[in-house]
Every structure is written in C-alpha cells, then in structure tokens.
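**Q** First the structure, which I've put down as structure tokens, then a few questions once you've had a look.
The values are calculated or read from the model by the stated rules, or taken from the named source; none is laboratory data. Note that the structure is a prediction, hence the values are computed from the model and not measured. Virtual Cβ from ideal backbone geometry, glycine too; neighbours counted across all protein chains shown.
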Amino acid sequence: MSSKESPETGPRPVSGKEEGGKTIRIYVMGRAYEVPEGLTILKALEYAGFRLTRGVGCRGGFCGACAVMYRMPGEYKLRTALACQTLARDGMHLVFIPYAPMKKPRYDIEKLRPDAGSVIAIFPEVTRCLACNACTKACPQGLQVMDAIQAIIRGDIAAAANLAFDCIGCGLCSIRCPAEIRHVYVFQLVRRLYGKYMLPKAKHVEERIKEIEAGKYDEEMEKLMKLSLEELKRLYMSRDIEKA
Amino acid sequence: MMGLVYEGYPPEMREKIRVVEETREERLGQQIPKLSLEEREKLVRKWHPDYREDTKRPVRIGPNKGQVIYREVADLLESWPAVKPGDVDLDNIDYDVDILIIGGGGAAASAALWAVYSGVSPENILIATKLRFGDANTVKAQGGIQAADRPNDSPVRHYLDTIGGGHFANKPELVRALVMDAPFIIRWLEDLGVMFDKTGEGEMIEYTGGGASRRRLHAAKDYTGLEIMRVIRDEVWNKGVNVLEFSPAVELLTDPDTGAVSGAVLWNMEVKAYYVVRAKVTILATGGFGRLHLAGFPTTNHYGATADGIVMAYRVGANLRDLDSAQFHPTGVAWPEAIRGELITEKCRSLGAQLVNANGERFINELEPRDVVASAIIRECAEGRGIITPTGACGVWLDLPMIDRVRGEGTIRRNLPAMYRQFIRHGIDITREPVLTYPTLHYQNGGIEIDPWTHVLRPDGTPIPGLLAAGEVTGGVHGKNRLMGNSLLDITVFGRRAGITAAKLVKEMSGKPRISLKHVERYMEELKRLGVPENRRAPVLLPDYRGERVLLRKLDLIDLAPI
C-alpha cells in the first residue's frame, strides 16, 4: 500500500499544524495538504495555496466549473461533487475535472422539430445508451440523468427537458458515460425545443407589446419623467400594492 | 448524488431554532406595515454600509476627481496599469474585428446576438472573457426577470417602482428604456426557448419582489439566470461568433488623436501571452465588483467580478456615477460557514418566507426594497437580537418552512430546487428548518454612465466614440438601489441595445481605426504626480484567497501554468 492510499502515513510537516483550530489532510491529485476543518473543497485548495483559473466559476453551485471526483479512505466508491458546495474531509483523495472534452454541434433551432428525430440526428450517440445509470450516479445535482436520456429515446421531449432542467453543465455524466453521450449539449437542445415549441406562448406578453408599439404608454411616461421630485415621491408612495 | 451526507445544525443552534417553530402559528397571518419614505430613509441612514463614514473616500484622479466612492473602488482607479504601454507591440494585430465584446455574461451574449441580427457577420465579432463564456453573475440570478405584461400592470408602474426603489437617483431615460423594452425581451427569450414557469394555457406565473407593486417576476424555477444564460450562449455558439475564453481585456486601445476607443489588449491567463485586438466598436460588458469585498463583506458574486470594466473605461475618460452605493443583498448565507455569503434568493420572501429575530419576532416587512431589509437585519444583529453562530458570525432566521405552510406542501421543492440543494448538501432541510441569514455584497448599483443606446459618456455628457457599455458595469439604470428582477432585464435590454448600436456604428465607419495606448501614458503621468505606489495595479482580474502561511513561503522560481 502506498502512502497515497492512507491518510495515516506519510510525513506531516512540523509547521503544518494550525494554531488552535483542528486540521484535516486532503490529497490533491495524490499530494497531501493540511487544511483547517470546515472549509469547502474549493476554499481548502485556496488555503493550501492554489490560485485557480480553471476549476472555479460562480462559487455558488450554478456554473459547473468546479466538478471534482474523489475517494474516501477505505472506500472503493468514486464519488463526485462540486468543489464549491462540498466540505473537504479528512483523507479525501481528489482530482479536479474542470472540463469535459466535447464540441458543441451548431444547429438552427428555427429549423428543428421537437421530437426524438431532431435530437438523434444531431446527437446519434444518444441511441447508444446502455441504461447503466453511471450518469445518474455521477450527477452532483442529483438529477435522473439516465431517465432523461431514455425519455428522449422514447420521444418524450417534455419529460426529458424537465428532468434535465436543473443541469448546470459540469459534464461529469459525460465523462462517466460508456456510450460517450454529450449530455450537457443534448439537454441544452432538448430544453430549447421544449421551451420554444411545446410550452404554450404567453398571450398577455404579446398583447402588451402591441400596446407599447402603438404608443399607448408614451404620453403617461413623458408626463411621469417631467414630474418634480416631490410629485414623483408622492405618486410613488400612494401607488397601490398588489398582494403577494 | 454520490456525495457525502452532512449532519446539519449543531445542537446549540437547534436549540435556538425552537423559538422560530414555536412562534410560527402566531406569525402566520401577521401583517407588518410598510415604512414611509421618511422611516425608510432613517433606517437606511443609520445602518446601511453606504452611509458608514469609513467605507468611502474621494477619488483623487481622473474625470471624476473629488467624487466620493467606495474605498476599494477608489484604490483601483488610483492604480497603475497592469500592462505598461512599452511592453506590448501594437504593430502586430492579432485580431482585427468589427466588434469586440469584453465580458462573458448575459449582456455580452445579448449584444453579440443583436449585432448578428442587425447584419454584422459573426466572424467579425469577438467575445473576449476572463473565465469561461457564461461565468458571470447572470447564472447566479435566481429569482426572476421583471416585465410589466399582466393586464393590471403597466410599464409606467414598472418605471415608478424602479425609480422609487433607486431612491429617485436613477437616470430617467435609461429606466424608460428598461421598462418599455421589457415585454419585448420576454418574447425574444421565449422564442429562443427559455423555459419560463407558465400555466397550462401559457400564462406566465409571475411573482412579486421587494419594492414592486405588481407581480411581474418571470421565473424559471430558481435557476432563472442560468436558464437565460445557457440559452442565449447556446445561440451565440450556433451563430458562430468567435469567443476567446480565459482572455480578459487588461486595457482599452484608443486613436492617438481623437481618443476614440479602437480595441483592447487581452491577456491569456493560461499561457500569459497578450493579444492586440483592433475593433471598430468595443462593448464593455464586464459586470460588477463583488469580489472587491467592499466594507469587508462576503459576496454572492462570481469569481471574476473585480470591476475591470470601470477601471479601463475611467482611463479613457468615462464618467462614473453612483459608485458611492452598493447593493447588499439582505439574505446571504450566515451559516453554514462553508457557504457564508452565498445568496438566498429573494424569491423565498416573495413566496412568503419571514424574517425572524432571536426572540421569534418579525421586524420588517420582507418585501421592502433590498437596502431597507438589509438595514433592518444589520440593526437586529447590532442591537443584540441576532443569533450568533459557532464561528462567531451573526444572523437572523429566514423562516423558509413558512412557505410550504402557507402555499402547501411541495412548494419549496418545486419552486426553489437550487435553494433546497444548497442547504441539503450541508444537512439542512429547508422544508423543515429555517436558515440563518445576514446581508452580503451583491450588486454594483452604479458604474459607467451611458445613454439609452449604450454610448459611454464623458462627464460633460458627450459620448466617447467607439465605446459602448451594458449591464452591471454601467450606472444610472438602478440609481442607488436595484430592485429584484431588474438585473436580468438590464443585461438583456441594454445588451440588445449595445448590439444594435454597434452594428449601426460599424456600418457608418469606413476604413480601419488607429490604435494606441496614449491615454494610458497620460493617466500614468497623473498617477506619478499623485505618488501612487508602483505595485498597486489594476485591473486585478481575480481575488486572491490563498492562505497566509503559503504566501509567506512563496518563491517564484519558474513561471508555471496554472492547470
């Protein structure tokens, strides 16, 4: 057993002890770092001295830039996470996966139809899905990724779009997929097809645009813009408020 | 989800939660009246960081010399350029384009698309961004996008709400453009395939937000900004617009005689090489300043929000406005420590979540404008009615289970999946437990002054030729305080206008512009006179969160790539 597999072995620097606070040891691509307990993986790396360009984005769980894979001591399981959303744990062996190699195919959304044929014509690999569920297990958002792919194959674009709505595009599923599906871009297409062609259009938005184009609000707007500050304040405070 | 499960609140905090649970029934129908303008003013003046003596100072250089702004911003404006003019060879142009768009968020993507729609060939447009295309505050906007499109609403009302929320300091013609374009923007996004929350008949499900007098927030669950960003980004890629990632602009280029902006110097953060871009029109869409951590606050902003745009624009003579105000979002995460400062969307309060102090009392109408609510929370903590966390931070409770109590079981899981996820990852179930909250630095209210067609203006009101700006980098749209749902609208309305204006300017222009860094040389003379230390440089591009221990031992022996 090499030192990389056990947090209990390997040298700890004499100066590595934090004053007061408890520290843990994490392995960044095999190299051990002592960091304070209670930090996210991202903040732990920064504490350890990494100034990242790749592997960090919104820092709030919305952008998918900070995907990591890790194993805990004594486990065979390969776990996935977002570094900005997950606490660093003692003995964690981790690697950043800041990018899943895949080129986005170009298409003209105006010329597509919301059906399986449109999706499969652009992403033929969707039909290679083995239903192994590795994608679902890899998803740090906890989405039913495989179900979404299977829904496409069944022709249920609406189900696929809704199942994949919370996708943040980290690409971990695509890295684990034996069928080499480019889930991130497949789901983007599916959601757009659903949003554009299957969700009913908002008629009240259309009505309002017509009114604005006909100049219905111009006069009132001009008047408002010319009001003195006092009059404007009075009007503002006297406006009625719709119940939430 | 193959992550580990965490344990949630420590026992001492669980104990404090009991008062929230015990008072929930009696708070159920309780009405907290809204404050008068005078009461608002008094509260904000006493507690908001904008009015603290130590947060601001006059800037000592440039077009707005003497103007009082946040210290961290003043320091940046009084900084030496990141690149010395002599270090770049302007005779070798790397990219020669019609339109250069600096930034990679919603404003940049909207500008690119509308320039294409207006007849500019995609290969003559270059988007240059610091991180990845889409790494921007846009994707973190959760609550929604405002547009007055329901029958009981009107753009005039939206105007009034926006300008009142902004303390009447907004630039009226910008607010007019914002509200009048809004329904049009919703239709555009709908046509592109944005999955808005709708009823079965297509009617938008619209929510209210702090300071709004009508329900006009269009949402896509609590991933609204992400959904808008990924759709318009997808379309930018489909159109074939050139995108350079990890290549922030570090300086604008100008015509040496006229001062017209004519491109920029980019810096590839991975291989550390620079590129010279010549452009007929340059659009600044660089976003805001959260990562400067004004007044020491944590922030909701993305990693690259370091105010690069205002630094570069100021050096070419742009007028900056309202940078004496910043938006502190009332409800940042106060616990767990690991995600402190992250956003708890205002939509929680739109849906009925209540703010509760340590005594189990409500202390403000949750749907007041953001600066008012933030001030009230700061007051509760300062006066000892807050809850202290194990790490010594203070906060008040946001009673999220109230949402399901009022609107029915399942509302939280359906409408706030991102929020649910954010807390369950730390073992906190927001359908059953309240969360601890404290204001966090959220939005750059002010910035570069523009006109309604996004031309960047000088202090005398004349436009700087060749330079446009859109989105959070600009000032005037929101006055001294932005309303919820007006930022996604801002970036799409003014991004679109920037794209249209740029296309028009390109068509009017014959021949190629001239490029120089003469304006930087002039600015450097001023810096020298001022005696600014040479190690203070801007744009800073990224915050630095490395631990002190490692920085004390740092030696730069060879130049390493950051992968």
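**Q** Of A:177, A:170, which residue is of a type outside the set (Phe, Trp, Tyr), within 13 Å of another protein chain (Cβ to nearest Cβ) and closer than 16 Å to residue A:99 by Cβ? Let's see the steps before the verdict.
**A** Numbers: A:177 fails: within 13 Å of another protein chain (Cβ to nearest Cβ).
So the residue among A:177, A:170 that is of a type outside the set (Phe, Trp, Tyr), within 13 Å of another protein chain (Cβ to nearest Cβ) and closer than 16 Å to residue A:99 by Cβ is A:170.
**Q** Report yes if residue B:168 is on the phi > 0 side of the Ramachandran plot, surrounded by fewer than 24 Cβ atoms within 10 Å (Cβ to Cβ) and within 7 Å of chain A (Cβ to nearest Cβ), otherwise no.
**A** Numbers: on the phi > 0 side of the Ramachandran plot: yes; surrounded by fewer than 24 Cβ atoms within 10 Å (Cβ to Cβ): yes; within 7 Å of chain A (Cβ to nearest Cβ): yes.
Here the answer is yes, as residue B:168 does meet what is asked.
**Q** Step by step: first the residues of the range B:114-132, then only those that are touching a helix residue (DSSP H, G or I) at 6+ places or on another chain (Cβ under 6 Å) and not small (Gly, Ala, Ser), then the one that is nearest to residue B:180 (Cα to Cα). Which residue is that?
**A** B:114
**Q** Across the range B:228-243, what is the total count of residues that are at the interface with chain A (Cβ under 8 Å from one of its Cβ atoms) and either under 16 Å from residue A:161 (Cβ atoms) or in a loop (DSSP other than H, G, I, E, B) (or both)?
**A** 4
**Q** Residue B:424 versus (1) of a type in the set (A, V, I, L, M); (2) surrounded by fewer than 24 Cβ atoms within 10 Å (Cβ to Cβ); (3) modelled with pLDDT of 95 or more: which is the lone unmet condition?
**A** Tallying (1) of a type in the set (A, V, I, L, M); (2) surrounded by fewer than 24 Cβ atoms within 10 Å (Cβ to Cβ); (3) modelled with pLDDT of 95 or more, residue B:424 fails exactly one: (3).
**Q** Another one. In the range B:174-191, how many residues are surrounded by fewer than 22 Cβ atoms within 10 Å (Cβ to Cβ) and facing chain A (nearest Cβ under 7 Å)?
**A** Residues flagged as surrounded by fewer than 22 Cβ atoms within 10 Å (Cβ to Cβ) and facing chain A (nearest Cβ under 7 Å) within the range B:174-191 amount to 4.
**Q** Taking the range B:308-344 as the search range and keeping residues that are aromatic (Phe, Trp, Tyr) and over 23 Å from residue B:17 (Cα atoms), which one is surrounded by the fewest Cβ atoms within 10 Å (Cβ to Cβ)?
**A** In the first step, residues of the range B:308-344 are kept if they are aromatic (Phe, Trp, Tyr); the result is B:314, B:328, B:335.
Applying the additional criterion that residues be over 23 Å from residue B:17 (Cα atoms) yields B:314, B:328.
Details: B:314: 22, B:328: 28.
So, considering only residues that are aromatic (Phe, Trp, Tyr) and over 23 Å from residue B:17 (Cα atoms), the one surrounded by the fewest Cβ atoms within 10 Å (Cβ to Cβ) is B:314.
**Q** Something else: Return the only residue of B:544, B:556 being charged (D, E, K, R), within 20 Å of residue B:306 (Cβ to Cβ) and either part of a strand (DSSP E or B) or out of contact with any helix residue (DSSP H, G or I) (no Cβ under 8 Å at 6 or more places or on another chain) (or both). Reasoning before the result, please.
**A** On the way: B:556 fails: within 20 Å of residue B:306 (Cβ to Cβ).
The unique qualifying residue is B:544.
**Q** Could you check, for the range A:51-61, whether at least one of its residues is closer than 30 Å to residue B:300 by Cβ, surrounded by fewer than 16 Cβ atoms within 10 Å (Cβ to Cβ), among the basic types (Lys, Arg) and facing chain B (nearest Cβ under 7 Å)? Steps first, please.
**A** If we filter the range A:51-61 for residues that are closer than 30 Å to residue B:300 by Cβ, which is where we start, we get A:51-61.
Of the ones still in play, those that are also surrounded by fewer than 16 Cβ atoms within 10 Å (Cβ to Cβ) are A:51.
Next, from what is left, pick out any that are among the basic types (Lys, Arg): A:51.
Remaining after also requiring facing chain B (nearest Cβ under 7 Å): A:51.
Scanning the range A:51-61 turns up at least one residue that is closer than 30 Å to residue B:300 by Cβ, surrounded by fewer than 16 Cβ atoms within 10 Å (Cβ to Cβ), among the basic types (Lys, Arg) and facing chain B (nearest Cβ under 7 Å).
**Q** Let me ask another. For residues that are among the small types (Gly, Ala, Ser) and farther than 20 Å from residue B:270 by Cβ, scanning just the range B:532-563, find the one that is nearest to the other protein chains (Cβ to nearest Cβ).
**A** First, the residues of the range B:532-563 that are among the small types (Gly, Ala, Ser): B:538, B:547, B:561.
Then keep just the ones that are farther than 20 Å from residue B:270 by Cβ; that gives B:538, B:547.
Numbers: B:538: 17, B:547: 4 Å.
Once the filter is applied, the top-ranked residue is B:547.
**Q** A follow-up question, please. Would you check which residues across the range A:234-244 are at the interface with another protein chain (Cβ under 7 Å from one of its Cβ atoms) and over 23 Å from residue B:351 (Cβ atoms) and list them?
**A** A:235, A:236, A:237
**Q** Let me ask you something else. Scan the range B:220-265 for residues that are among the aliphatic types (A, V, I, L, M), under 18 Å from residue B:465 (Cα atoms) and touching a helix residue (DSSP H, G or I) at 6+ places or on another chain (Cβ under 8 Å) and jot them down.
**A** B:252, B:264
**Q** Sort out which residues of the range B:94-143 are touching a Phe, Trp or Tyr at 6+ places or on another chain (Cβ under 9 Å), β-branched (Val, Ile, Thr) and either surrounded by fewer than 24 Cβ atoms within 10 Å (Cβ to Cβ) or not in a loop (DSSP other than H, G, I, E, B) (or both), and write them in order of number.
**A** B:127, B:139
**Q** Here is a follow-up. Could you identify the single residue in B:387, B:377, B:339, B:344 that is under 20 Å from residue B:43 (Cα atoms) and not assigned by TED's automatic domain parsing to the domain that holds residue B:165?
**A** B:377
**Q** Across the range A:102-122, what is the total count of residues that are within 14 Å of chain B (Cβ to nearest Cβ) and either exposed (fewer than 11 other Cβ atoms within 10 Å of the Cβ) or not aliphatic (A, V, I, L, M) (or both)? Even if it seems obvious, please write down each step before you answer.
**A** Applying the first criterion (within 14 Å of chain B (Cβ to nearest Cβ)) to the range A:102-122 yields A:102-114, A:118-119, A:122.
Okay, now just the ones that are also either exposed (fewer than 11 other Cβ atoms within 10 Å of the Cβ) or not aliphatic (A, V, I, L, M) (or both), so A:103-108, A:110-111, A:113-114, A:118.
Number of matching residues: 11.
**Q** Only one of A:172, A:143, A:87, A:112 is in contact (Cβ under 8 Å) with a residue 60 or more places away in the chain and closer than 23 Å to residue B:425 by Cα. Can you tell me which? Don't jump to the end; show me each part of the working.
**A** Working: A:143 fails: in contact (Cβ under 8 Å) with a residue 60 or more places away in the chain; A:87 fails: in contact (Cβ under 8 Å) with a residue 60 or more places away in the chain; A:112 fails: closer than 23 Å to residue B:425 by Cα.
Exactly one residue qualifies, and that residue is A:172.
**Q** Right, something else. With (1) within 16 Å of residue B:345 (Cβ to Cβ); (2) crowded, with 24+ Cβ neighbours inside 10 Å as the list, and residue B:415 as the residue in question, which single condition is left unmet?
**A** Checking residue B:415 against (1) within 16 Å of residue B:345 (Cβ to Cβ); (2) crowded, with 24+ Cβ neighbours inside 10 Å, the one that fails is (2).
**Q** Now a separate question. Does residue A:211 count as surrounded by fewer than 10 Cβ atoms within 10 Å (Cβ to Cβ), more than 7 Å from chain B (Cβ to nearest Cβ) and among the charged types (D, E, K, R)? Break it down stepwise before answering.
**A** On the way: surrounded by fewer than 10 Cβ atoms within 10 Å (Cβ to Cβ): no; more than 7 Å from chain B (Cβ to nearest Cβ): yes; among the charged types (D, E, K, R): yes.
For residue A:211, the condition - surrounded by fewer than 10 Cβ atoms within 10 Å (Cβ to Cβ), more than 7 Å from chain B (Cβ to nearest Cβ) and among the charged types (D, E, K, R) - is not met.
**Q** Quick one: residue B:162 ticks every box in (1) facing chain A (nearest Cβ under 8 Å); (2) touching a helix residue (DSSP H, G or I) at 6+ places or on another chain (Cβ under 8 Å) bar one, so which box is it?
**A** Status for residue B:162: all satisfied but (1).
**Q** Looking at the range B:326-336, is at least one residue farther than 28 Å from residue A:43 by Cα and either more than 13 Å from chain A (Cβ to nearest Cβ) or not β-branched (Val, Ile, Thr) (or both)? Give the derivation first.
**A** Going residue by residue through the range B:326-336, those that are farther than 28 Å from residue A:43 by Cα are none.
Scanning the range B:326-336, I find no residue that is farther than 28 Å from residue A:43 by Cα and either more than 13 Å from chain A (Cβ to nearest Cβ) or not β-branched (Val, Ile, Thr) (or both), so the answer is no.
**Q** Right, another one. When the residues of the range A:217-233 are narrowed to those that are surrounded by 11 or more Cβ atoms within 10 Å (Cβ to Cβ) and among the acidic types (Asp, Glu), which ends up nearest to the other protein chains (Cβ to nearest Cβ)?
**A** The selected residue is A:220.
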